[in-house]
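Asker: Sharing a structure, written as structure tokens. Questions coming.
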Amino acid sequence: MSNAMDAIEYRSPLRKLVRFFEKSRDGWKEKCQQSKVLIKRLTNRMYAMKKSRDRWKTVAKRQRKELQELRRQLGAQKTRPR
């Protein structure tokens, strides 16, 4: 690997190259950090939405059972003679 690195000869002065490479490195590091933050935020949001969905699903099932019971009771009252 060192042979490949030694073979590259730059025409620009080293002081300019150093600044360029540092800026490039800092740029991709910043981009990587921003991506990590976004991934974390989206992951947390996904878990919160899943938790909310599961809670609402439980509420809907409970209400569906209650509705069925009330309809059954109503049907029993209608068929019962007065």
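Asker: Just one of [x] 139; [y] 88; [z] 217 is volume of the Cα convex hull per residue in Å³ as worked out from the coordinates here. Which one is it?
Answerer: Only one option fits the structure, namely [x].
Asker: For residue 65, which lysines qualify as cross-link partners when the Cα separation must be under 23 Å and same-chain residues fewer than eight apart are set aside?
Answerer: Qualifying lysines at Cα under 23 Å: 50, 51, 57, 78.
Asker: Before rounding to the nearest 500, sum -39500 (n - 2.57) across all DSSP H runs of length at least 4 in the chain and divide by the residue total; then give [θ] at 222 nm in deg cm²/dmol.
Answerer: Rounded to the nearest 500, the figure is -32000 deg cm²/dmol.
Asker: Could I ask something else about it? Quick check: net charge around residue 36, other residues with Cβ under 13 Å of its Cβ, Lys/Arg +1 and Asp/Glu -1?
Answerer: Around residue 36, the charge tally is +3.
Values in this text are rule-based calculations from the coordinates and carry no lab data. These numbers come from a predicted model, not from an experiment. When we count neighbours, we look across all protein chains shown, and the Cβ atoms used for this are built from the backbone with ideal geometry, even at glycine.
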